[in-house]
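To keep things clear, I will list the structure first and then write my remarks on it.
The values are calculated or read from the model by the stated rules, or taken from the named source; none is laboratory data. It should be emphasised that the depicted structure is a prediction, and the values quoted were computed from it without experimental measurement. Quick reminder, even Gly has a Cβ in these numbers, built from the backbone with ideal geometry, and neighbours come from all protein chains shown.
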Amino acid sequence: MKSAVETLNPTRVRLTVEVPFEELKDSLDAAYKKINQQVTVKGFRKGKIPARVIDQRFGRGAVLEEAVNDALPKFYTEAVNEAEVNPLGQPEVDITELKDGELLAFTAEVDIRPAIEIPDYSGIEVTVDAVEVTDEDVEKSVEQLRERFASTSPVERAAQDGDVVTIDLEAKVDGEVLPDGVASDVSYTIGSGELLDGIDEAVKGLEAGGEATFTSQLKGGSAEGKDAEVTVKVTAVAARELPELDDEFAQLASEFDTLDELKADSRKRLENMKQFDQATQAQERVLDELLKLVEVPMPEKLLEDEINTRKHNLEHHQLGQMGLDLGKYLEIQGKTEEEFLAETKEQAEKGIKTQFILDELVNREKLDVSREELTEHLFRRAASSGMSPDQFAQAVAQGGQVPMLVGEVARGKALAVVVEAAKVVDTNGEVVDLSDDEDEAAETAVEAAEGAEAEASEDK
């Protein structure tokens, strides 16, 4: 086999390959064997049909086509290795010559990973939010815990803010009751904003047995987006009772004996959360500054595929689960399709640039991923996906996605190296020490930059 490589641009090459016919022998033998198993010729047992009979009955062309399809991946891979290029995605192959008994020639155009020069990044400096937990933050946290331990009791009075009402609903559009517009015994907390616009005003002031009608735009169902005349009937009113904020509540709601101990723990947890948020913010801002420093030629086909993948996943997965189409989603977001496509392209470009730059840093810094680091990352990903670690690990293994996870961890480590060299200060002018949260926050920042659908940008 002979091959040559032609650089079309910094991100795309054309491989020209010539294969002497004798090198197709194994593929020709495999083609005859495969056809033998698929066809029947009177007078011959299945699988025992001579090659000359197959040529006569089914044509030599069918055999050549099968053999070439079998051989192309092998010779393409050999040409890629010989040219020492890093292909991205699938090649566009064109068979330029096929002479039976003499020669197979083809070209393969494919996007490649561009060469990247990473300049000195030690001068990067970013500012992040200071970690400040106020008494108000602590009180809000304790109040949320208190809400979880609230109880309800029936009352014989008009409903008011904070009450839990049991209601029946009937929605009409153009005077007709909708097939999915009737619901009974719905529990609703007044002021929660969890149902229809206008329902709070309608039910406040009603006692059990009271009824009201109001107009609201439907948020889902068969008449989503249309204005409906909604009749609501209150069948029960219950007052929510919050427990007293005292040591007894602390013992009920936590492992602490006193309310002061509970508040101190709440403050500590809030500080830890804000420190992690601060670390993630630092990683994201350092990454943004790093992206500004590095010129990255963008492979057009890879970018196109990434944009299409993101658009497809949004339409058929995220929006599909919410019962929305793209048009309705854009209407809710207040965006035009042109604005949406421009944003998607920008996000796709950032994800691809992030992978290229951090992968280059992984190679340059010779960063390895240990089994312990991969396991820890797998546990985090499993938790965020709602699956058990065993289920997630099995899904990853079956989907051949282990290299993808290794890449995520390695890129997080590469970004951590850049952050370590950068100067990070908070809004109070204090230097921030990110050593405790650095690795996990770096992986979070990388995942955010690459995007949930950036798996499509991985080397095929």
Taking the range 190-230 and keeping only residues that are hydrophobic (A, V, I, L, M, F, W, C) and in a strand (DSSP E or B), one is left with A212, F214, A228, V230
Which number in (1) outside any loop (DSSP other than H, G, I, E, B); (2) modelled with pLDDT under 95; (3) in contact with a strand residue (DSSP E or B) (Cβ under 9 Å, 6 or more places away or on another chain) marks the one condition that F106 misses? (2)
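Return the only residue of R57, R14 being closer than 30 Å to E295 by Cβ, outside the structural domain of D305 (by TED's automatic domain parsing) and among the basic types (K, R).
Going through R57, R14 in turn, just one is closer than 30 Å to E295 by Cβ, outside the structural domain of D305 (by TED's automatic domain parsing) and among the basic types (K, R): R14.
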Does the range 359-405 hold any residues that are in a helix (DSSP H, G or I) and within 26 Å of I116 (Cα to Cα), and which are they? D359, E360, L361, V362, N363, R364, E365, V402, P403, M404, L405
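Please give the helices (runs of 4 or more DSSP H) falling wholly within the range 281-354 in which 3 or more residues are over 19 Å from the mean Cα position of the chain (by Cα), over 30 Å from V425 (Cβ atoms) and free of Cβ contacts under 8 Å to residues at least 12 places away in the same chain.
326-333
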Only residues in the range 231-248 that are assigned to a helix (DSSP H, G or I) count as the first member; pair them with residues that are surrounded by fewer than 18 Cβ atoms within 10 Å (Cβ to Cβ), Cβ under 8 angstrom, at least 6 apart or cross-chain, and list the lot. D247/D257; D247/T258
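Determine which member of the set V68, V80, V5 is touching a residue at least 40 places away in the same chain (Cβ under 8 Å), assigned to a helix (DSSP H, G or I) and more than 24 Å from D100 (Cβ to Cβ). So that I can check it myself, show each step before the final result.
On the way: V68 fails: more than 24 Å from D100 (Cβ to Cβ); V5 fails: assigned to a helix (DSSP H, G or I).
The conditions single out V80.
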Return only the number of the condition from (1) of a type in the set (S, T, N, Q); (2) assigned by TED's automatic domain parsing to the domain that holds R60; (3) assigned to a loop (DSSP other than H, G, I, E, B) that Q160 does not satisfy. (2)
Hey, does the range 257-267 have a residue that's part of a loop (DSSP other than H, G, I, E, B), over 26 Å from the mean Cα position of the chain (by Cα) and farther than 26 Å from D111 by Cβ? yes
Which one of these is closer than 18 Å to V126 by Cα and either at pLDDT 95 or above or surrounded by 15 or more Cβ atoms within 10 Å (Cβ to Cβ) (or both): V396, V425, V369, V406? V425
Here is a check on your reading of the model: is P87 surrounded by 14 or more Cβ atoms within 10 Å (Cβ to Cβ) and either in contact with a strand residue (DSSP E or B) (Cβ under 8 Å, 6 or more places away or on another chain) or outside the structural domain of V232 (by TED's automatic domain parsing) (or both)? yes
